[in-house]
Structures are given as structure tokens and as C-alpha cells.
Amino acid sequence: MSTGPLDGIRVVEFAGIGPGPFAGMMLADHGAEVIRIDRGRPGLSFSADARDPLLRNRRSVSLDLKNPASIAAVRRIVKEADAIIEGFRPGVMERLGLGPDVLIGDNPKLVYGRMTGWGQTGPMAPEPGHDINYIAISGVLHALGRAGEKPTPPINLAGDFGGGGMFLVFGMLAALLHAQRTGQGQVVDAAMTEGSSVLMSMMWGFRAMGRWSDERGTNLLDTAAHFYDTYETADGKFVSLGAIEPQFYAEFRKVVGLDDAKWDAQMDPRGWPALKDEVTALFRTKTRDEWVALFKGHDICFAPVLGFEDALADPHNVARGAFVNAGGVDQPAPAPRYSVSRTVPPRMAGEREDAAVLRHLGFSDAEVADLGF
């Protein structure tokens, strides 16, 4: 049986919330052995919620990072690891005696992954913040929303996960490849401000070409165009239309009978508001499922807008195995897929197994007992 593409890689993850655990999940899903260090006295530490997919596919050990013996144990564990993940404010790991100079000094090949909102340096580095704040200064939040309305945060997808955890994983994998070639470890400074701004690269390009306005809701992809938006249906549900290319737009017009010449000027923004009103009224004449049936088999770039339950039951998602149930929890399956390697079937966080994890990491029974287990 094939194994995950990251099989043989050991990562030590310092417990946190949001993008750090997401990065740990991604690495573990693809075969890395991820050991999570929970802060606190043995048995009284951070408690993993068995319903949280972000904590799947790894084991954990609770160590009191205020105890010098625990700090020594962490150094010993990290010395045998390929990488670490930490998401504290700048300076916290250094004050614990676990900064890059120390840990890379112990283990020269170590990839030291640091996940923050503002980055390790700069005037905002020591300040608190959340996803909404990080994407606010990167220019992302300003671009999200409808014309005449205030900016709308895309929950915490653009900062925490897209611009944060995924960029941390990418940087760590790049640094791991570098370490394999050169024997040289390094710090990966992943900032959500910068990651989220990179996600906007295409829009920066459009801006340079004069094809993107700073005014929300007036551009091709931000709900201004009548052929690229979501629409309410007769049953109060929603559908998505993305008929940008001429052939898809023509097919959409053909199927719904939009023959008037006024629909010909597809890319003229001056006509978009009036045409949007007509398309809005059109979609309210049928239910969501009736539109799905009508458009089936036509090249239009259309899909129903599905909630959690509907997404689980969608035929395409079912055929692909896009969602799984592990530990009684419905959740996304690991992605992407490989032609040779295998991802790891989700295993939810379970009972604490601190002593067993320490023994697995090479600690003797006496050393485990000295650490309070």
C-alpha cells in the first residue's frame, strides 16, 4: 500500500488556534507525523475537542512550558524533528528558551515555521489582531462586498487559512526541500497580511491594466456583472452564475431565451445594472432545483449554492468522496489527491496519551515519570 507523500517527515506543532492547527492538519493529512505540544501541567492543559477536524491525524503531549524540565524535553523532541509550527506573538518562543537560535542550533536542518498575522517584524508585529484586521491592511477586505455597501469579511478564509495556514505549509515544504538538499534549516516567517495580499495578485494585475476599480462591486468578478453573481430562486434558495467567456454567455442566453440585442454588449459595464435587474427577476421564476435541471448538460458555468447538508449529498461530491465522516463528525476529506501516494484517513483527537507519546519519542519510563506522567 502506498503511503502519504510526506511519510517520514516529523513535525512538532505548538498548540494554538486557527491557521497553525490548519497547517498541522494539512501536513498530517499527507503523511507527516505531527506531534502537538499542548501547554500546561500534565492533565490540565489545552483540551482537544474531538469534534474539531483541524486537530485530526496527530498525537499530542502536554508539557508545562514554565517548567525547565519540560523545556529540556521539548528541545530533545525537536532535535529529532524535521520542522516545527508555532503561532505565538513574536518573542514568546524566545522568552521560553525555544527560539530559532536555540532550536536550529540543536538541529541545524530544522525548518522553523512561524505563523502570525502581522509577521515577525514591522511596527505592527507585537500587536494583537484577528483575520479581519490582517486582511484589512493588505487591501483584501476593502475589495470584498457589493457596491454601496461596507466591506464584507469572507469569514476567516482569506487571512487565517488561505493567506495564513496554506502559505505556512507552502513555505515549510519549500524549506524542507532546501534542507534536504543543503542540510541547512531556516525560519519560515508566514504573515497573514502578506499571504492574503498574494492571493490578490490577479487583481493587482488587473489594476495595472486599468481593468479593476478600487470601488467595490463595480468590477467583473465582484458582483457588478450580470453574468457573474449569485441569484435568489423562487424557493428562497440561491444559484451561482459565472458565464464570463463568450461561448458560455451565449449558451446561457440561448437556454433562457435572452434574444434582445441589448444582451449583446456583455462586457459594457454601463449596461450591467439594468441587465442585473432582469436576470434577478428571471431567476426568481423557478426553484433552485428547476434551474439545475434546466441547465444540466449545457456549458454555462452554473451551479447551485449549497449549504452544509446539501453539499454532503451533492452527487458530484459523493462521487469524489469530497466529504467523510470520522468520529461521528462530517468534514472535508483530505485534499488534493495523488496518482501514487495516499492521503491519511481522518482520525479525530481522542483521549490524552501523553505518556505513550513520550515513550514513542524515546523517553524512558523514569523520564516520563519525571515529567509528571
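Just so it is clear, none of the values below were taken in a lab; they were calculated from the coordinates. From a predicted model like this one, the values you see are computed outputs, not experimental measurements. Reconstructed Cβ throughout: ideal geometry from the backbone, glycine too, with neighbour counts over all protein chains shown.
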Exercise for the section: Would you mind calculating the relative contact order of the chain from Cα pairs under 8 angstrom and at least 6 residues apart, reporting the percent as a whole number? Expected result: 19
Handout entry: Of V188, F252, G148, farthest towards positive along the dipole that unit charges on Lys, Arg, Asp, Glu beta carbons give the chain
Key = V188
Practice task
Taking only Cα atoms and a 10 Å spring cutoff, compute GNM fluctuations for the chain and point out the largest among G97, G307, G185.
Solution key: G307
Completion exercise
Surpassing 28 Å at the alpha-carbon level, of the pairs K150/K237; K237/K276; K150/K254; K150/K296, are K150/K254; K150/K296
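From the Cα trace of region 228-318, what convex hull volume per residue do you get, rounded to a whole Å³?
Numbers: hull volume 8.9 nm³, N = 91.
So the per-residue Cα hull volume is 98 Å³.
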Practice task
Please sort by residue number the chymotrypsin sites (Phe, Trp or Tyr not before Pro) in region 149-240 whose DSSP state is loop and whose Cβ has at most 13 other Cβ atoms within 10 Å.
Solution key: none
Completion exercise
HN-Hα couplings for region 285-294 via Karplus (6.51, -1.76, 1.60; θ = phi - 60°), in whole Hz with x for Gly/Pro, come out as 8, 9, 6, 4, 5, 5, 5, 4, 5, 5
Practice task
Mind checking region 301-371 for chymotrypsin sites (Phe, Trp or Tyr not before Pro) that DSSP puts in a loop (not H, G, I, E or B) and that have at most 16 other Cβ atoms within 10 Å?
Solution key: Y338
Fill in the blank from the handout: Note on the chain: C-alpha Rg/Rh, Kirkwood Rh, two decimals, gives 1.05
Practice task
Would you list, by chain and number, the aspartates and glutamates whose Cα falls below 19 Å from the Cα of K79, excluding same-chain residues fewer than 8 positions away?
Solution key: D7, E13, E33, D38, D64, E94, D101, D106, D354, E367
Handout entry: Cα long-axis angle, helix 246-256 against the chain (0 to 90 degrees, to the nearest 10)
Key = 60
